[in-house]
Amino acid sequence: MRGRGMRRRCAKPLAAEKRRRGKVGLNPTLRATLAVLALSGTAAGADGLATPLTATPGDPARGAQIVTDPQHGLCTLCHAGPFPQVAFTGTLGPDLTGVGARRTLADLRQQIVDSRRANPDTIMPPYHSTEGLNRVGERWQGTTLMTAQEVEDVVAYLATLTGDTP
Amino acid sequence: MIRAAVLAGIVLALPAGAQDRRTGYDDMSPALQAMQDDPMNPAAFWLIDGEALWSEPAGTRGQSCADCHDAAEDSMAGVAARYPAWDEEQAAPVDLNGRIALCRDRHQGAGPQDRADPDILALLAYVTHQSRGMPLTPDPDPRLDPARARGETLFTTRMGQLNLSCAQCHDDNSGGHLAAALIPQGHPTGYPQYRLEWETLGTLERRIRGCLTGVRAEPFAPGSADFIALALYLQSRAAGLQVETLPIRP
């Protein structure tokens, strides 16, 4: 492989070679890297995100604040759950009661970071991804709904929701 | 038995989907419906203003709407039920708000108008009132079709940081609750409307701006081609539903 590439590079002008590689060819190292990325992409869809996004462990108390603040987490716009302090909860997503028992940490993290990995048609916003977004308002451009640490806090809180009563 | 059969026949004769379409009025509490049904509700002040403005000379020509259009009850009946329509001079679709602003500018000589100007809103309320209870009847002019198709695309495109399309809320999740708010089907039957939240009369444009900022998307510029495209699609999606005036919303 590498030998053939070398030969071609010697035989052709550099500009033509760049064009060719831009269109179809990839150098083998890059191809290998992409294969790994694609694999981890599939794994993320099926098995979630096992690795925490930050070195600091999530703080469940801060996570609780974020989840139950309709202005910040927005979660209760769609989800009911064990949140007696929230006056009105929405009906668009499943009740989060017991979610820490039925989903793994990796799963919960993936659901918050970018729920589209598990369900491309989801209506749950991607909380830590700007990928593929369209017509984002000027003041929110380039920002995510949550920081990496906030995601970890929320995941840590969700993991505590293991009881089966709201 | 006979009555049931006749009723079934009527229901079958309605266009597909028409039976289960609901307006924002249908979704309101009886108290709010009673407020809308009261001819002296808060929107009535704009109607009264609009009626007076209709026969007031304005602009450099000193002509009133009535000078050219006579009695609004006759000339404006059904106009709001049909708009947006094609404007020959601009060779583009125009909504009723834009049409009234254009008449002020072109025919009264009052210069370019702000679409949200209180006088324009009052005239919009008055002209719309002449279509009270009439079914929305999209203008069949084929020149409007590309914009209407663009409107459908916009309606079904995810937008903003929350990455939601109009259709995901208003088609797929209408009847559900977003926190305390009931998600309506999003029909444009009651505009301009008095919203209790706004404490004033506002346009469809303003309402949609609220939905767009809700999902943290960039709103459409006032009177932009994209907004009018969306209005055209909303209007054909609501075809057959009746024009509400004087509309109230929470």
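The values are calculated or read from the model by the stated rules, or taken from the named source; none is laboratory data. In this text the structure is predicted, and so the values were computed from the model without any measurement. When we count neighbours, we look across all protein chains shown, and the Cβ atoms used for this are built from the backbone with ideal geometry, even at glycine. Side chains included, ligands, DNA and RNA excluded: accessible areas come from the protein's heavy atoms. Shrake-Rupley method; radii C 1.70, N 1.55, O 1.52, S 1.80 Å.
Quick one: in the range B:166-221, of everything that is aliphatic (A, V, I, L, M) and touching a residue at least 24 places away in the same chain (Cβ under 8 Å), which residue is nearest to the other protein chains (Cβ to nearest Cβ)? Looking at the filtered set, the residue picked out is B:217. Each residue in the range A:59-73 was checked for being open to solvent by less than 50 Å² (accessible area, probe 1.4 Å), of a type in the set (A, V, I, L, M) and over 20 Å from residue B:216 (Cα atoms), and 1 of them qualify.
Residues in the range A:121-160 that are away from every other protein chain (no Cβ under 14 Å), open to solvent by 20 Å² or more (accessible area, probe 1.4 Å) and hydrophobic (A, V, I, L, M, F, W, C): A:148, A:156, A:159. I'd like the residue in the range B:154-165 that is open to solvent by 30 Å² or more (accessible area, probe 1.4 Å) and within 7 Å of chain A (Cβ to nearest Cβ) and, out of all such residues, is farthest from the chain's Cα centre (by Cα). Applying the filter and picking the extreme gives B:158.
The set of residues from the range A:116-166 being in contact with a Phe, Trp or Tyr (Cβ under 7 Å, 6 or more places away or on another chain) and hydrophobic (A, V, I, L, M, F, W, C) comprises A:145, A:146, A:151. Of the listed requirements (1) free of Cβ contacts under 8 Å to residues at least 60 places away in the same chain; (2) facing another protein chain (nearest Cβ under 9 Å); (3) buried (at least 20 other Cβ atoms within 10 Å of the Cβ); (4) of a type in the set (A, V, I, L, M, F, W, C), residue A:112 misses just one: (2). Residues that are out of contact with any strand residue (DSSP E or B) (no Cβ under 8 Å at 6 or more places or on another chain) and in a loop (DSSP other than H, G, I, E, B) were ranked within the range B:205-223; the one that is surrounded by the fewest Cβ atoms within 10 Å (Cβ to Cβ) is B:221. At least 3 residues being within 24 Å of residue B:184 (Cα to Cα) is the threshold, and among the helices (runs of 4 or more DSSP H) wholly inside the range A:51-134 those reaching it are A:75-78. Of all residues in the range B:175-204, those satisfying the criterion of being in contact with a helix residue (DSSP H, G or I) (Cβ under 9 Å, 6 or more places away or on another chain), of a type in the set (Gly, Ala, Ser) and in a loop (DSSP other than H, G, I, E, B) are B:175, B:176, B:179, B:186, B:190. Does any residue of the range B:150-164 turn out to be in contact with a His (Cβ under 6 Å, 6 or more places away or on another chain) and farther than 18 Å from residue B:83 by Cβ? No, the range B:150-164 contains no residue that is in contact with a His (Cβ under 6 Å, 6 or more places away or on another chain) and farther than 18 Å from residue B:83 by Cβ.
Every test in (1) closer than 18 Å to residue B:188 by Cβ; (2) touching a Gly at 6+ places or on another chain (Cβ under 7 Å) is passed by residue B:120 save one, and that test is (2).
Exactly one residue out of B:106, B:99, B:61 is outside any loop (DSSP other than H, G, I, E, B) and exposed (fewer than 15 other Cβ atoms within 10 Å of the Cβ), and it is B:106.
Looking at residue A:118, is it away from chain B (no Cβ under 13 Å), under 12 Å from the mean Cα position of the chain (by Cα), surrounded by fewer than 18 Cβ atoms within 10 Å (Cβ to Cβ) and under 29 Å from residue B:211 (Cβ atoms)?
Details: away from chain B (no Cβ under 13 Å): yes; under 12 Å from the mean Cα position of the chain (by Cα): yes; surrounded by fewer than 18 Cβ atoms within 10 Å (Cβ to Cβ): yes; under 29 Å from residue B:211 (Cβ atoms): yes.
So residue A:118 fits the description; yes.
Among (1) closer than 23 Å to residue A:123 by Cβ; (2) open to solvent by 70 Å² or more (accessible area, probe 1.4 Å); (3) at pLDDT below 95, there is one condition residue A:91 misses while meeting the rest; what is its number? Residue A:91 satisfies all of (1) closer than 23 Å to residue A:123 by Cβ; (2) open to solvent by 70 Å² or more (accessible area, probe 1.4 Å); (3) at pLDDT below 95 except (3). Taking the condition closer than 30 Å to residue A:86 by Cα, away from chain A (no Cβ under 14 Å) and either open to solvent by 10 Å² or more (accessible area, probe 1.4 Å) or of a type in the set (S, T, N, Q) (or both), does residue B:148 pass? It is false that residue B:148 is closer than 30 Å to residue A:86 by Cα, away from chain A (no Cβ under 14 Å) and either open to solvent by 10 Å² or more (accessible area, probe 1.4 Å) or of a type in the set (S, T, N, Q) (or both).
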